[in-house]
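Data first, discussion second: the structure below is written as structure tokens.
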Amino acid sequence: MGATTAHSAEHAHTAHHHHEESFISKYIFSHDHKMIGKQFLVTAIFMAWVAVIMSLIFRLQLAWPGEGFAFTSFFLGEKWAPGGVLDPNMYLALVTIHGTIMVFFVLTGGLSGTFANLLIPLQIGARDMASGFINMLSYWFFLMSSVVMLASLFVEGGPASSGWTVYPPLSALPQTIPGSGAGMTLWLVSMTLFIASSLLGGLNYVATILNLRTKGMKMTRLPLTMWAILITAVLGVLSFPVLLSAALLLLMDRSMGTSFYLSDIHVAGEALDHVGGSPVLFQHLFWFLGHPEVYIVLLPALGITSEIISTNARKPIFGYRAMIGSILAIGFLSFIVWGHHMFVTGMNPFLGSVFVATTLLIAIPSAVKVFNYITTLWRGNIIFTPAMLFSVGLVATFIAGGLTGIILADSALDINVHDTYFVVAHFHIVMGMSAIFGMFAGIYHWFPKMYGRMMNTKLGYAHFWITFVCAFGVFFPMHFIGLAGAPRRYYSYSEFPMFNGVMDLNVLVTVFAIIGALAQVIFTYNFFYSMKRGPKAVQNPWKSNTLEWTTPVEHLHGNWPGPLPVVHRWPYDYSKPGKQEDWVSQITPLEHDEEEH
Amino acid sequence: MMKLLILLVVVLGVMAIAQLARVYELTARLRGKREEDISAADNRMNARLMWAFLIAYHAFFLWLVMAYGDKMLPVAASEHGAETDWLLNFNWIILLIAFVLTNVLLFWFAGKYIYSKDRKAFWQPHNNKLELIWTVIPAGVLAVIIIMGLTTWGKITAPAGPGAVEVELYAKQFDWTARYPGADGVLGATDFRLINGTNPLGIVTKESIQLRMDEIDASIAGSDSLLANTIMADNKRAEVTEQVERLRRTQARIVNLRTVMELDIKEKGSASQYLYGADDIVTKDFYLPVRKEAKILIRSRDVIHSAYIPHLRSQMNAVPGMTTTMKMVPTITTDSMRTHVMKDDTFDFILLCNKICGASHYNMQMPLTVTTATDYEKWMAEQFKKPFQAPPADATPAAPAVVDSTTVTVPVTAQASVITN
């Protein structure tokens, strides 16, 4: 289904265009963007559970260091958890893979992959993506990448264990840590496949949004979700190749005797041949992707939130153009802040100053977005669907996480909190809460579009409130642990009396983590049960203005049974004065005396 | 048995939730209610929960501050540390105002404007004046934060003054070693190829070079004899041969090092760092004098580590292939901390590793002792008696050594390492 505009016009004339679809072409090697979106989602949910279980294992160790747990030995066996006590190398492996899976597979593949694929053609009024074949490839590379990453868990030396940031020399030399052997090689292979998937997807998203908008869908009538996903895709296309280069150079240092990152190393009783390289080079290359990556994670969640808050407050999103401007500013600035991860690397301090300035600047558009969300709620007419709950929750977590970012951005202050639990608190609140809440909100909101059925609302409420409380319970105390000086990636703190005062917080954190993880069972059950047995959905259950709700409930190749819709207005005519209903679909023509916003 | 019971409980729990959900669903359908129709009761419940959460959230925050405020780091024990602590508190005040303001508005609005079909939301799609205000004010506040932060950063990262106490912190998996410049006041040059049991930091002196060369000769001889006289599997033979090749390459580079050293001495005379290594003090005791600027040079043998001294608010990565540096002026002695600040006789300033470095990353530490200037002098005088290399019998202890390799006696014997399985 390689659709060009001419091809789409052709399709417009054939109603109910039926391809002869086998099980394989419908469910496995589908070119249909809606199916591909669902494939990304289900894969991401599975990977998320793997990462959650890993986090429970290492949280048990942190709360009760040195104690054996049947839970731990059930998953890790005697080799990596003798007597149920987590092995220190495996601890580092678990935090590494937990981070890798969550950042890349869940919050990039699962967030962008799902919603970009599902929503782009539907919200811009296109039959499918610019290239359905490339889109299919992007999912299959994602699946292969996941399989390789999971395979790395089973090699003899264990999976990659140098943190999700895999800095060399630790990640380059198997003699320094067992996970840097085959485990690290597989990690690099997996990430190469993942990068391929992201690039294929991203190029498709940009091409489609720019070229395949339906008649009347000007850029300034695009839903904010589309703007967010567009900029996210641009970020990905520009920054993932740099991670690929970092990975390739690392592969070469590991296997071909090069010295990009290595110099003057004496390990395992001998002086290595590598001379002339610098580990700091890897950090620059890694973070050049790494920082835009966290905005790739966050922006779609922010875009989704705009849509959901507006729809459920029955009110236009406040400051549509300011929101677009903020997305563009955040996108641009995200490329020039990466050095704030490197303040204490030995980098030139003047360079550090530049990054302080640019990083603090990025707080401005972020603040503007928060103020706009809050003002959208003001004097709104608020309906609390589970999606709305998660969207409001996202704003709260974004406030908390964003503010601590200001401390971390200040290099003089970062000196004392770098690589402590203060950082762990910050990024979990913005990613492990804000971004994942955006993902949950999107799932609840667009479930009827994905599966033609409704998820259970009461279970949604339970899921939200338990998760909201527990997640804050997990991540808020970490600020205090970090300010006490406790480093991250520590297997245990029992060697340091200086941390004794804050160690019972680790117990509190773990208890909240266990309850929070159990709450996700409610979601998982709700998701899979409703997929097959949920109440059938109507075409536009949320009375939303955007184009995806003008397609039939039953999935159609080519999305609209007749001609493509024509757009006459922006998507935010909610509670517009002079209108009977409190919503006006984008396809509704203007009345003769009506002004478009 | 226990596991089976737990599994059973979990499964039954899930089934119970499932049945409850099904009951709700069916009763809703009986009442003709659609899943997407949120009842007024549900809206109200969630709105109230939003307000309740606002209270609980701030209460939790407050409780954490009250219960743990005094269990975090005590007063900063360095000059710049006092400054950054002040800066941090200044930032907290601004951030907390923003935090409370935005959260109160968010949760209050979320709970206040409950849906009613008898009213419509207020139509206000934008207000550019408001956008301007809340862009300019944060920008202004952030500009202040940037300027203050960078001023402090500039001071912290400026080069150390001329009279600073110099000490090197050497990191390796999984411990720290300190190196002091010794009587000649200068830290000697180092090279990683000279590292062995007796020269763990790779200090360069004519003797250490010679010792290392002899050691490698012995290793190569041992391996050669092994290759000539022993029956080995092919892969083992290849391994040993490869090892010999590596040793020869190392030797060649050490010869280069010797040349570089000689050229450097010829060019710079007594300013050459290669002349100052012999009296360096290599020790597991890390001492600093109070109220004197300390310049810390940081090196690593194998992977990236990080020298983090939380009580001094100091941190800098240890990077293989580079020497990084940080400076500080300690302001409180260890004794003072024990007696007055912590009221705990067992207290020590700790240097800990703060960059993931392998299995024992969580236990890579060294205590730091900050003493009065006089105690520091006394301690240093004791250290001068234990230099890296014992001085030649006829040399005066404090003179910068003019190296004459023919008369040096080295206190330890070279250890030839034989290749074993």
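The values are calculated or read from the model by the stated rules, or taken from the named source; none is laboratory data. Values in this document were obtained by computation on a predicted structure and should not be read as measured data. Every residue, glycine among them, receives a Cβ derived from its backbone with ideal geometry; neighbour counts consider all protein chains shown.
Pairs under 7 Å by beta carbon, first residue without any contact (Cβ under 8 Å) to a residue 40 or more places away in the chain in the stretch B:66-81, partner assigned to a loop (DSSP other than H, G, I, E, B), six or more apart or different chains?
Hits for this filter: B:Lys71/A:Ala484; B:Met72/A:Ala484.
Which condition breaks for B:Ile156 when tested against (1) within 8 Å of chain A (Cβ to nearest Cβ); (2) of a type outside the set (Lys, Arg); (3) surrounded by 15 or more Cβ atoms within 10 Å (Cβ to Cβ); (4) under 30 Å from A:His597 (Cβ atoms)?
(4)
Residue by residue, here is whether (1) in a helix (DSSP H, G or I); (2) under 30 Å from A:Pro577 (Cα atoms) holds:
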| position | (1), (2) |
| --- | --- |
| A:Phe260 | no, no |
| A:Phe286 | yes, no |
| A:Val297 | yes, no |
| A:Ser310 | yes, yes |
| A:Ile324 | yes, yes |
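For the stretch B:44-53, which residues satisfy the criterion of being at the interface with another protein chain (Cβ under 9 Å from one of its Cβ atoms) and in contact with a Gly (Cβ under 6 Å, 6 or more places away or on another chain)?
Correct list: B:Ala47, B:Met50.
Out of the residues in the stretch B:223-268 meeting the condition of being small (Gly, Ala, Ser) and farther than 17 Å from B:Asp191 by Cα, tell me which one is surrounded by the most Cβ atoms within 10 Å (Cβ to Cβ).
Among them, the one singled out is B:Ser223.
Inspect all residues belonging to the stretch B:87-106 and state whether any of them is modelled with pLDDT of 95 or more and touching a strand residue (DSSP E or B) at 6+ places or on another chain (Cβ under 8 Å).
Checked against the condition, which is being modelled with pLDDT of 95 or more and touching a strand residue (DSSP E or B) at 6+ places or on another chain (Cβ under 8 Å), the stretch B:87-106 yields no hits at all.
For (1) within 29 Å of A:Phe115 (Cβ to Cβ); (2) under 26 Å from the mean Cα position of the chain (by Cα); (3) buried (at least 24 other Cβ atoms within 10 Å of the Cβ), each residue gets a yes or a no:
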position: A:Gly157; (1), (2), (3): no, no, no
position: A:Ala172; (1), (2), (3): no, no, yes
position: A:Met184; (1), (2), (3): no, yes, yes
position: A:Val189; (1), (2), (3): yes, yes, no
position: A:Ile195; (1), (2), (3): yes, yes, no
position: A:Tyr205; (1), (2), (3): yes, yes, yes
position: A:Thr225; (1), (2), (3): yes, yes, yes
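What residue, of B:Ala16, B:Ala41, B:Ala59, is exposed (fewer than 12 other Cβ atoms within 10 Å of the Cβ), more than 10 Å from chain A (Cβ to nearest Cβ), aliphatic (A, V, I, L, M) and within 30 Å of A:Gly482 (Cα to Cα)?
Going through B:Ala16, B:Ala41, B:Ala59 in turn, the sole match is B:Ala59.
Please work out if B:Ala121 is surrounded by 13 or more Cβ atoms within 10 Å (Cβ to Cβ) and more than 7 Å from chain A (Cβ to nearest Cβ).
no
Out of (1) surrounded by 24 or more Cβ atoms within 10 Å (Cβ to Cβ); (2) free of Cβ contacts under 8 Å to residues at least 24 places away in the same chain; (3) not hydroxyl-bearing (Ser, Thr, Tyr), what's the single condition that is false for A:Lys458?
So A:Lys458 meets the others, but not (1).
Taking into account only those residues within the stretch B:124-153 that are of a type in the set (Gly, Ala, Ser) and within 7 Å of chain A (Cβ to nearest Cβ), which is surrounded by the fewest Cβ atoms within 10 Å (Cβ to Cβ)?
B:Ala139
Would you say A:Ile304 is more than 7 Å from chain B (Cβ to nearest Cβ), in contact with a Ser or Thr (Cβ under 9 Å, 6 or more places away or on another chain), within 30 Å of B:His58 (Cα to Cα) and outside any helix (DSSP H, G or I)?
no
Out of the residues in the stretch A:406-420 that are assigned to a helix (DSSP H, G or I) and either among the basic types (Lys, Arg) or facing another protein chain (nearest Cβ under 7 Å) (or both), which is nearest to A:Ala484 (Cα to Cα)?
A:Asn416
Please state which one of A:Gly163, A:Gly157 is more than 17 Å from A:Val103 (Cβ to Cβ) and part of a loop (DSSP other than H, G, I, E, B).
Exactly one residue qualifies, and that residue is A:Gly157.
All but one of (1) within 7 Å of another protein chain (Cβ to nearest Cβ); (2) under 21 Å from the mean Cα position of the chain (by Cα); (3) among the β-branched types (Val, Ile, Thr) hold for A:Ile443, so report the exception by its number.
All conditions pass for A:Ile443, except number (1).
So which residues in the stretch A:224-269 are more than 14 Å from chain B (Cβ to nearest Cβ) and within 30 Å of A:Thr376 (Cα to Cα), if there are any at all?
A:Thr225, A:Met226, A:Trp227, A:Ala228, A:Ile229, A:Leu230, A:Ile231, A:Thr232, A:Ala233, A:Val234, A:Leu235, A:Gly236
Out of the residues in the stretch A:54-71 meeting the condition of being at pLDDT below 95 and in a helix (DSSP H, G or I), tell me which one is nearest to A:Tyr167 (Cα to Cα).
A:Phe71
Scan the stretch B:62-78 residue by residue and report those that are of a type in the set (A, V, I, L, M, F, W, C), more than 19 Å from the chain's Cα centre (by Cα) and more than 7 Å from every other protein chain (Cβ to nearest Cβ).
Within the stretch B:62-78, B:Leu62, B:Trp63, B:Val65, B:Met66, B:Ala67, B:Val75 qualify.
Quick check on the stretch A:543-597: of everything there that is touching a Pro at 6+ places or on another chain (Cβ under 9 Å) and among the basic types (Lys, Arg), which residue is farthest from the other protein chains (Cβ to nearest Cβ)?
Checked the stretch A:543-597; the qualifying residue farthest from the other protein chains (Cβ to nearest Cβ) is A:Arg569.
I'd like the full set of residues that are of a type in the set (Ser, Thr, Tyr) and either crowded, with 22+ Cβ neighbours inside 10 Å or at pLDDT 95 or above (or both), limited to the stretch B:168-211.
If the condition is that a residue be of a type in the set (Ser, Thr, Tyr) and either crowded, with 22+ Cβ neighbours inside 10 Å or at pLDDT 95 or above (or both), then B:Tyr170, B:Thr177, B:Tyr180, B:Thr190, B:Thr205, B:Ser208 are the ones that fit.
Cβ-Cβ under 6 Å, sequence separation 6+ or interchain: first residue in the stretch B:293-319 and modelled with pLDDT of 95 or more, partner among the aromatic types (Phe, Trp, Tyr). Which pairs?
Hits for this filter: B:Arg299/B:Tyr170; B:Ile304/A:Tyr167; B:His311/B:Phe349; B:Gln315/B:Tyr308.
If you check B:Glu35, B:Glu83, B:Glu25, which single one turns out to be out of contact with any Phe, Trp or Tyr (no Cβ under 9 Å at 6 or more places or on another chain), within 30 Å of A:Ala409 (Cβ to Cβ), at the interface with chain A (Cβ under 9 Å from one of its Cβ atoms) and not small (Gly, Ala, Ser)?
That would be B:Glu83, the only listed residue that is out of contact with any Phe, Trp or Tyr (no Cβ under 9 Å at 6 or more places or on another chain), within 30 Å of A:Ala409 (Cβ to Cβ), at the interface with chain A (Cβ under 9 Å from one of its Cβ atoms) and not small (Gly, Ala, Ser).
I'd like to check which strands (runs of 3 or more DSSP E) are fully inside the stretch B:324-376 and have at least 1 residues that are at the interface with chain A (Cβ under 8 Å from one of its Cβ atoms) and in contact with a helix residue (DSSP H, G or I) (Cβ under 8 Å, 6 or more places away or on another chain).
The qualifying strands (runs of 3 or more DSSP E) are B:349-353.
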